[in-house]
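Asks: One structure, pasted below without further comment.
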Amino acid sequence: MAGFTESSLSKKLEDLNASQQSIETLSLWLIHHRKHYSTIVKTWMRELIGAEESRQLTLMYLANDVIQNSKKKGPEYGKQFGTVLKKAFEIMGGDSCSEKTRKSLTRLLNIWEERGVYSKELIDEFKNALGVGKRKSKSRDTSPPKKKVKVKETKPKPVNIEKEPQQQTYIKEDKDGSKELHVTLSPATDVIDPPEPEELIKALMDLENSASSDATVREKIANLPPEVSEINLLSRLEDRRMAETLLRQVNEAITLLSDYNSRLVNEMSERKKVASLLRDFIQSQRGLLIQAENRLQECKEKFKKIYQVRNEVKNRLQNLPDLQQLPNVTGGLAPLPSVGDLFNVS
């Protein structure tokens with residue numbers, strides 16, 4: 001990736017648009033240069049203050065992508081953005097804020113709260129800055145008798161908050177010559193935090209040393225004498241010595257089985273975690289595959305158009321006259337005179 005400078009950051013922010021590819025590309029670049037997180041957040045905030053509403057929303061989507069995708073590699077972004085987001089929501093949540101933008105920002109805050117990106121107290125501060133918390137408190141004060149009814153009606157809303165972003169957020173590019181219409185989903189409303197491949201590989205390798213794969217312990221359990229688990233065999237005891245020997249074997253078997261059972265419980269928990277990691281990883285790879293297939297299709301269509309233009313240019317070149325030859329008086333073709341011939345006095 002290119003080196004970091006404030007001028008290059010400003011240029012990239014200036015070129016940022018609301019398309020998914022543009023936001024993801026710049027987000028990866030910012031995460032790569034996370035050691036400059038303080039300068040990056042300050043520049044982001046300065047850009048947001050003087051921007052229009054639609055561009056402010058795009059910058060907020062960029063911040064969301066950086067915050068959520070840098071939790072493992074660069075958690076400093078989340079902390080640094082947390083110091084300026086309240087001011088950012090105050091700016092965006094003014095009287096001129098459209099209802100559509102306010103809903104988009106509210107969905108974003110709810111997703112942050114559900115995924116634990118920020119604490120509930122900080123999320124409440126952001127909502128109050130946006131003007132959402134104040135509105136809720138007023139509605140409760142003005143209509144106390146209908147409080148229970150409103151709560152019941154608003155129960156399904158959190159489900160819609162997760163689904164709506166996948167269906168409504170998009171960006172259009174006007175047609176101009178060879179340009180095409182692109183409709184994409186904003187990553188700010190459907191960000192997945194998949195595990196790193198190294199983390200997933202390590203988790204899978206750890207399962208190879210799990211309790212169910214411990215052949216030594218399993219063999220010890222299989223070789224336990226039947227007397228330790230069969231009450232009917234206690235009648236074979238003939239004296240105190242045999243009883244003490246059996247008691248010692250039973251205690252050893254209890255210790256062995258208790259330890260093994262604990263390991264099996266831990267293994268089940270680890271396998272559930274690995275299953276969750278695999279599910280997130282597969283989901284993210286499917287998303288990337290769909291994006292790659294869409295971009296490949298777009299490139300194929302552009303290549304087809306460029307190929308058609310090239311063939312058209314070739315056909316037209318064949319029909320154009322040779323400029324190095326000019327018609328003479330007799331109707332034949334004469335070579336084009338050189339500059340020396342034009343200025344030759346003799």
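The values are calculated or read from the model by the stated rules, or taken from the named source; none is laboratory data. A quick note: this is a predicted structure, and the numbers were derived from the prediction, not measured. We place every Cβ from the backbone using ideal geometry, glycine too, and count neighbours over all the protein chains shown. These area figures cover heavy atoms from the full protein model, side chains too; ligands, DNA and RNA do not enter into them. Shrake-Rupley method; radii C 1.70, N 1.55, O 1.52, S 1.80 Å.
Asks: Cα-Cα over 29 Å: which of K72/K300; K87/K272; K12/K314; K12/K300; K103/K202; K72/K120?
Replies: Exceeds cut-off: K72/K300; K87/K272; K12/K314; K103/K202.
Asks: By its C-alpha gyration tensor, with a ≥ b ≥ c as the square roots of the eigenvalues, how is the range 75-117 shaped: rounded for a/c under 1.5, else prolate for a/b larger than b/c, else oblate?
Replies: Judged from the Cα gyration tensor, the range 75-117 comes out oblate (a/c at least 1.5, b/c at or above a/b).
Asks: Compute the distance in nm between two label points, each set 7 Å from the Cα along the Cα-to-Cβ direction, one at I290 and one at E196.
Replies: Roughly 2.7 nm, to one decimal.
Asks: Just how many % of Cα pairs in the range 41-113 lie over 14 Å apart, if you round to the nearest whole percent?
Replies: Value for the range 41-113 (Cα pairs over 14 Å): 59 percent.
Asks: Specify whether the C-alpha gyration tensor of the range 13-56 places it in the rounded, prolate or oblate class, a ≥ b ≥ c being the square roots of the eigenvalues: rounded for a/c under 1.5, otherwise prolate if a/b is larger than b/c and oblate if not.
Replies: It comes out oblate by the Cα gyration axes.
Asks: Tally up the carbon and sulfur contribution to the accessible surface of the range 206-323 as a whole percent, 1.4 Å probe, everything protein left in place. Please list the in-between numbers first.
Replies: Details: 5380 of 9750 Å².
C and S atoms contribute 55 percent here.
Asks: Could you check the simple spin-label distance between K300 and L234, using points 7 Å along Cα→Cβ, in nm with one decimal?
Replies: 7.6 nm
Asks: Over what distance in Å are the Cα centres of the range 48-65 and the range 242-279 separated?
Replies: So the separation of the two Cα centres works out to 53 Å.
Asks: As an exercise, use a Förster radius of 22 Å and the Cβ-Cβ distance of K12 and K86 to find the FRET efficiency, rounded to the nearest 0.05.
Replies: For K12 and K86, the calculated efficiency is 0.30.
Asks: Mind giving me the nanometre distance, one decimal, between the label points for Y307 and S213, set 7 Å out from Cα along Cα→Cβ?
Replies: 4.8 nm
Asks: Let me ask something else. What FRET efficiency do you get for K273 and L122 if R0 is 35 Å and r is their Cβ-Cβ distance, rounded to the nearest 0.05? Display every interim value, and only then the final one.
Replies: Values: r = 27 Å, r/R0 = 0.78.
For K273 and L122, the calculated efficiency is 0.80.
Asks: Taking R0 as 22 Å, what's the FRET efficiency between R55 and K103 from their Cβ-Cβ distance, rounded to 0.05? Kindly include the intermediate steps, with their values, before the conclusion.
Replies: On the way: r = 18 Å, r/R0 = 0.81.
About 0.80, to the nearest 0.05.
Asks: Rg over Rh of the range 196-315, using C-alpha atoms and the Kirkwood radius, what does it come to?
Replies: 1.52
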